[in-house]
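Please read the structure below before turning to the comments.
The values are calculated or read from the model by the stated rules, or taken from the named source; none is laboratory data. Everything numeric in this text was worked out from a predicted model, so none of it was measured. Cβ placement follows ideal geometry from the backbone for every residue including glycine, while neighbour counts extend to all protein chains displayed.
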Amino acid sequence: MAVDSPSPGQPVRSVCPYCGVGCGLQMLPPAADGEKGEAPRPWGTRGDRHHPSSLGQVCIKGATVGETLDQDRLLHPAYRARLDQPFERISWERAFDLLTARINTTLKERGPAAIAIYGSGQFHTEDYYIAQKLLKGAIGTNNFDANSRLCMSSAVSGYARSLGSDGPPCCYEDIDQADLVVLIGTNTAECHPVLFQRLAKRKKRQGSDLKILVIDPRATATAAIADWHLAIASGTDLALLHGIAHLLLQAGSIDRSFVANATEGFEAFEAHVAAWTPARTAALCGIPEDDLRAVASLWAGSSAVLSLWSMGLNQRVEGTATVGGLINLHLLSGQIGQPGCGPFSLTGQPNAMGGREAGGLAQLLPGYRSVADASHRAELEQAWGLAPGSIDPAPGLSVWEQIEAMEAGALDLWWVAATNPLVSLPHLERVRAAVSRCPMVVLSEAYAGSETAAYAHLLLPAAQWSEKQGTMTNSERRVTLAPAFRHPPGEARPDWQVFAELGRRLGHGAQFPPSTAADVFAEFVALTAGRVCDLSGMSHGLLAEAGPQQWPFAAGSDPTTTAKRLYGDHRFATPSGRARFLCDAPLGLGEPPCEAFPLVLTVGRYLGHWHTMTRTGKVPRLKAMHPEPLLEVHPSDAKRYGVDDGAWAQVSSRRGSVAARVQITERIRPGTLFLPMHWGASQEKACEANLLMHELFCPHSRQPELKAAAVRLEAAVQESGEMGV
């Protein structure tokens, strides 16, 4: 594999592999990296001032990412026939023999539907694309899903329902130009810190000229800079948005020209929100009616409203509907497609956007196409050299449906790549039982010892970011080239190369000719020509020379750092060209509190950690920032349930119990508890928050409601870890 060898002391330009902000990094080579007889030294990191998305800023995770590259790596393929056996090192040749034998047997005896892959926003776009070509094309099943299902699929569905296509219409420059920024369902300060610092610096400079509204049951670090913090009851976001719409309509604070010329469904929407009076809305949301009116007045009086959201909206049984409710407000006020305004979803994973572009969810095909669309399937079959009808017209299994399929004995092979679902999925005891039933579980992973590895039969060492060349797309649709600037350790290989080699061994050599990552990207972007996500003018060479570029970027486009917004002409990707008002009735939480489980548990993230800590758990500085998970409890709840600050408490749901150290704080709304989700069973301070969460999901996006579960609270003496089910 080609590896760029930096000149001594010269930095390598790349992109951060953590969150969806997509910050530019300059990686600083260690003096003795790779020399015989010396242990590898960490690569240094600094922000890339020339990257247009981050302008030289970097958070603590990005600043320490070089320290993770050689820690506890998975170096060689390994196999065991049964989970009660130890792993034995095998060759890649043996690994491919095992994979081809299992797949060929399954195809013969049960068909392609008994095979599934669960991928990750840690993939490069090239990995995503070849995985789609292998599974949805060559093998013939759409059972590819990714951990984007857990964080961004409601945004995908929400954009598509309202605007006709996925794709955030905004860009980061809008943070600098909005006069009202609404942050709803996002703790941006901890989950997207570089964007938050950009907003905080502007607020410090401009004071009252910039208004910030935060909507969150917790008074997070994000809320600290807000003019208004609306601590609504968990699960009432959609009702709140309808209540604001009611007040905007009542006051006549709408853009009637935009509504008439660029939207459809307004009359039905107007009738729908008429019932959401201020009194009804405020009572359901648990806020003063005056606060609701003040927030509606803020929106009405602002000429450029930018809304930012993340998993707090998406991880709901009504996640797609709530995204639609937020977009409704932008349509009412004409606040879309212009500088400083629009509905802007903040992506959780570094390349979740690239995965969406490449078709990396069970209902998608590359280029923002749908498996349900016959013309879309035909376009891909022709491009991939497949017989007509090769691509299944039915959406594949989402990740929770994959769990249910294993539970029912319907999957012969489950392949997990670059993610750790045995921590991140809900109802973990049910997941463990289901996965244990699968005859062959394959795990492609860069790091050894993850919780998912305990349930795998075949381990494949993966080359990660820094060791393979590829591209990533951030939340503002900006594509950055991530070069390979170090050699993969041991026998680690890029995921796309493994998928392509397997395709050849399964008899599809014409679809998977020998190629480079640049060749794969060129093939992929050609398929986006004329689509909303048109990247057809990009190449690895152009990105290396001109730097990161934002799509749409059609063939023949000139490189630029100028911001690009979607829908500036107010023509949308629907058949009519009009954006749609949606009329979804608020349903509330999938599992509301009750007498036996009277509290709501919500989960989230800490600034210094990343997902299930496979990287950040190896950095002493980050572990010192957050040495253990803390259970946030409001003082009134602490008194009522007899728990003390710094003591241990037991949190129980219908699915199990965990223990955690209590942090009594008024930052959280009464009746609500908070736990971080990072600590899995392998961590020293194990506290498996997702053990408690239910698996109910949004009917449109199939995204689980990982943000809320009904629980009870009591004092405990056990110091940490799972306490039984």
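Of note:
- Some residue of the stretch 469-482 being under 13 Å from residue 418 (Cα atoms) and in contact (Cβ under 8 Å) with a residue 12 or more places away in the chain: no
- Unmet requirement for residue 514, which otherwise passes all of (1) modelled with pLDDT of 95 or more; (2) not in a strand (DSSP E or B): (1)
- Looking across 362, 374, one residue alone is of a type in the set (A, V, I, L, M), over 24 Å from residue 19 (Cα atoms) and at pLDDT 95 or above. It is 374.
- Those residues of the stretch 487-522 which are within 28 Å of residue 559 (Cα to Cα) and touching a residue at least 24 places away in the same chain (Cβ under 8 Å), in sequence order: 496, 516, 517, 518, 520, 521
- For the stretch 625-668, a residue qualifies if it is more than 27 Å from residue 429 (Cβ to Cβ) and under 26 Å from the mean Cα position of the chain (by Cα), and the qualifying residues are 625, 667.
- Scanning the stretch 376-416 for residues that are aromatic (Phe, Trp, Tyr) and under 29 Å from residue 457 (Cα atoms) yields 400, 414, 415.
- When 194, 181 are checked against the criterion of being assigned to a strand (DSSP E or B) and in the same structural domain as residue 270 (by TED's automatic domain parsing), 181 stands alone in meeting it.
- Residues located in the stretch 216-266, provided they are assigned to a strand (DSSP E or B) and either in contact (Cβ under 8 Å) with a residue 40 or more places away in the chain or hydroxyl-bearing (Ser, Thr, Tyr) (or both): 218, 228, 230, 263, 264
- Pairs where the first residue, in the stretch 529-549, is at positive phi and crowded, with 21+ Cβ neighbours inside 10 Å and the second is at pLDDT 95 or above and among the charged types (D, E, K, R), C-beta under 8 Å, 6+ apart: none
- Boolean, residue 213 is in a helix (DSSP H, G or I), at pLDDT 95 or above and buried (at least 20 other Cβ atoms within 10 Å of the Cβ): no
- The residues of the stretch 455-491 that are farther than 20 Å from residue 66 by Cα and surrounded by 24 or more Cβ atoms within 10 Å (Cβ to Cβ), listed by number, are 456, 459, 460, 473, 474, 475, 476, 477, 478, 479.
- Extreme residue, surrounded by the most Cβ atoms within 10 Å (Cβ to Cβ), among residues of the stretch 654-674 that are under 23 Å from residue 452 (Cα atoms) and touching a Gly at 6+ places or on another chain (Cβ under 8 Å): 658
- Matching helices (runs of 4 or more DSSP H) fully within the stretch 390-451 where at least 2 residues are touching a residue at least 12 places away in the same chain (Cβ under 8 Å) and more than 23 Å from the chain's Cα centre (by Cα): 399-407, 428-435
- Qualifying residue in the stretch 66-81 (condition: in contact with a Leu (Cβ under 8 Å, 6 or more places away or on another chain), free of Cβ contacts under 8 Å to residues at least 60 places away in the same chain and either surrounded by 15 or more Cβ atoms within 10 Å (Cβ to Cβ) or farther than 30 Å from residue 190 by Cα (or both)): yes
- Within the stretch 363-378, the set of residues being touching a Leu at 6+ places or on another chain (Cβ under 6 Å) and either touching a residue at least 24 places away in the same chain (Cβ under 8 Å) or surrounded by fewer than 18 Cβ atoms within 10 Å (Cβ to Cβ) (or both) comprises 365, 366, 367, 371.
- Exactly one residue out of 268, 294, 233 is farther than 20 Å from residue 344 by Cα, under 29 Å from the mean Cα position of the chain (by Cα) and among the aliphatic types (A, V, I, L, M): that is 233.
- The residues on offer are 429, 407, 381, 401, and the sole one that is touching a Pro at 6+ places or on another chain (Cβ under 7 Å), surrounded by fewer than 20 Cβ atoms within 10 Å (Cβ to Cβ), modelled with pLDDT of 95 or more and not small (Gly, Ala, Ser) is 381.
- Of the residues making up the stretch 287-327, those that are assigned to a loop (DSSP other than H, G, I, E, B) and either in contact with a Ser or Thr (Cβ under 7 Å, 6 or more places away or on another chain) or under 20 Å from residue 159 (Cα atoms) (or both) are 304, 310, 315, 316, 317, 318.
- Where strands (runs of 3 or more DSSP E) sit wholly within the stretch 639-723, those with at least 1 residues that are over 30 Å from residue 324 (Cα atoms) occupy 648-653, 656-664, 709-715.
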